[in-house]
């Protein structure tokens, strides 16, 4: 990969050098970081438990393969080919089709706004994680023992309106520093540290949990298969939703990261690695959480924040070396949260740079300031805030990006964008699968999410 950023033309005709990833590994780790988030940790294990182990994993893996081989490739290629975020990318696609770009740029605002809104809500969650990481390190978390009223009360006060101001500000400041350092100097370097450590620590936790009495029933459940369960249409809808949202296709984050990628890099291979490691992270979380709950004599009956900030605290505190387990777990969660948060803020920051020709630092300052203020205000309603964004805007953004790539820009552009940097042309099934399967499935994600109150 080039050691310098790619060159793009500004509106005034002057050639500008754009920041970019310094290595293929850095790009892949950044994309993995964007995909590995709370869905892998507080939702995936619960879905595996609720829908019967392998009964859920089979359709999930099938959808990961489908989305990874179409949607992830498409968004990476769209960003790289246009050298811009959703606004520029959609504008370029519309210009290819109609000769005019304004409509495409206006549509491109949707995923950018969605990314910013999701980032603001996610800032609240990362603030929780910062607090619980501190509580684990200080011993205050283990000091609560298995007193459920105390454990539950701690989270209730944390998640209340204006209940976690300090840690939200800290989360935003740390995120802003990483962002201000740039793509290579901040995002790439931080993910090169966080992602290997996250996987290493999860493996270590998994090995330790394996040694605990009672953990075996958790593994037994994970590998249970109920063939009749595969006939339930809702199982397939929720498995699709989990894969769809887990791979982080929403028309923004993967597009903007792709825009920083060299034309020499193999996008198909990069997308495959992202899909594999995101799935591996989700499986590792399941192999930690489900057996841990079994070892602690608790049933995994709920997901979401309650699982991570209440029930697992109780389970860890009942384990031998529970304090250490808690520290390692929350550091892992912090890395997952931070890497995703950085990705969510990148599209809005890049938009300010592209549209208003602001410096990186100025753009980060504006977005971080707005993000922090809104995050502080929405603490008491963050669940509803994030549900609204994830149910409506995220799948809409993914669908719009796919429409722009496969339907508007057309087959020649799509194949040229994907095949650049590859020694072997992508298979003939890629374009029809993207055009006639991915786009309709994105619409399904939007409608099913609205009807079922969220599917991912």
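The values are calculated or read from the model by the stated rules, or taken from the named source; none is laboratory data. In this text the structure is predicted, and so the values were computed from the model without any measurement. Every residue, glycine as well, gets a Cβ built from its backbone with ideal geometry; the counts of neighbours run over all protein chains shown.
What to note about this one:
- So residue 223, is it buried (at least 21 other Cβ atoms within 10 Å of the Cβ), touching a helix residue (DSSP H, G or I) at 6+ places or on another chain (Cβ under 8 Å) and on the phi < 0 side of the Ramachandran plot: no
- Residue check for residue 234: in a helix (DSSP H, G or I) and surrounded by fewer than 20 Cβ atoms within 10 Å (Cβ to Cβ): yes
- Matching residues in segment 425-447 - criterion: being touching a residue at least 40 places away in the same chain (Cβ under 8 Å) and either in contact with a strand residue (DSSP E or B) (Cβ under 9 Å, 6 or more places away or on another chain) or outside any helix (DSSP H, G or I) (or both): 426
- Elements of type helices (runs of 4 or more DSSP H) contained in segment 32-107, each with 2 or more residues being over 18 Å from residue 416 (Cβ atoms) and in contact (Cβ under 8 Å) with a residue 40 or more places away in the chain: 44-50, 54-67, 86-98
- Residues of segment 47-62 that are under 18 Å from the mean Cα position of the chain (by Cα) and crowded, with 20+ Cβ neighbours inside 10 Å: 47, 60.
- Residues in segment 421-440 that are surrounded by 17 or more Cβ atoms within 10 Å (Cβ to Cβ) and farther than 13 Å from residue 67 by Cα: 421, 426.
- Every test in (1) at pLDDT 90 or above; (2) over 17 Å from residue 281 (Cα atoms); (3) out of contact with any strand residue (DSSP E or B) (no Cβ under 6 Å at 6 or more places or on another chain) is passed by residue 83 save one, and that test is (3).
- Residue 261 vs. criteria over 15 Å from the mean Cα position of the chain (by Cα) and under 14 Å from residue 417 (Cα atoms): yes
- Filter result (in a helix (DSSP H, G or I), over 15 Å from the mean Cα position of the chain (by Cα) and closer than 17 Å to residue 87 by Cβ) within segment 394-416: 396, 399, 400, 401, 402, 403, 404, 405, 408
- Filtered residue count, segment 146-176, keeping only those that are part of a loop (DSSP other than H, G, I, E, B) and either within 30 Å of residue 186 (Cβ to Cβ) or touching a strand residue (DSSP E or B) at 6+ places or on another chain (Cβ under 6 Å) (or both): 4
- The condition of being closer than 28 Å to residue 392 by Cβ and part of a loop (DSSP other than H, G, I, E, B) holds for only one of 241, 303, that being 303.
- Checking each residue in segment 154-208 for being surrounded by 17 or more Cβ atoms within 10 Å (Cβ to Cβ) and over 30 Å from residue 360 (Cβ atoms) picks out 154, 155, 158, 159, 163, 201, 202, 205, 206, 208.
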